[in-house]
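Colleague: Here it is: the structure, laid out below.
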Amino acid sequence: MTKTKENIKRLISDGNLQDAISQLDGLIGESCKDDELYYLRGNAYRKLCNWQLALNNYLEAISLNPESPAAEAHRMLMEILEFYNKDMYNQ
């Protein structure tokens, strides 16, 4: 599994986000208890600017492991989204 995670991390780093998400979807399945897989999928969705799916995956990782790096990623993404001023773009 570690080698697979390293490959997925490389895919995300290289910008092959859909490939990474496909592999993660296959690994996660229905009853995955590996918080790192959800964290990685959250990162891929974040890079695709799909904030909702990124947050959902971070929350799932946090529910499995409150000490997951997803907790910090979730906090940072929420700060960015709360800072975003939609009115500024409607002028």
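The values are calculated or read from the model by the stated rules, or taken from the named source; none is laboratory data. None of these values were measured; they are calculated from a predicted model. Counting neighbours? That spans all protein chains shown, and the Cβs are built from the backbone with ideal geometry, glycine included.
Colleague: Take segment 1-21 and flag every residue that is of a type in the set (Gly, Ala, Ser) and surrounded by 13 or more Cβ atoms within 10 Å (Cβ to Cβ).
Modeller: Listed by number, the list holds a single entry, Ala20.
Colleague: Something else about it: Exactly one condition in (1) surrounded by fewer than 20 Cβ atoms within 10 Å (Cβ to Cβ); (2) in contact (Cβ under 8 Å) with a residue 24 or more places away in the chain is false for Cys32; which is it?
Modeller: Single failed check for Cys32: (2).
Colleague: Could you tell me which of the residues Asn57, Asn50 is in contact with a helix residue (DSSP H, G or I) (Cβ under 7 Å, 6 or more places away or on another chain) and either modelled with pLDDT of 95 or more or of a type in the set (A, V, I, L, M, F, W, C) (or both)?
Modeller: So the residue among Asn57, Asn50 that is in contact with a helix residue (DSSP H, G or I) (Cβ under 7 Å, 6 or more places away or on another chain) and either modelled with pLDDT of 95 or more or of a type in the set (A, V, I, L, M, F, W, C) (or both) is Asn57.
Colleague: Cβ-Cβ distance below 7 Å, separation of 6 or more or different chains: which pairs start in segment 60-85 with a residue that is farther than 21 Å from Ser31 by Cβ and end on one that is small (Gly, Ala, Ser) and not in a loop (DSSP other than H, G, I, E, B)?
Modeller: Ala73/Gly42; Leu77/Ala54
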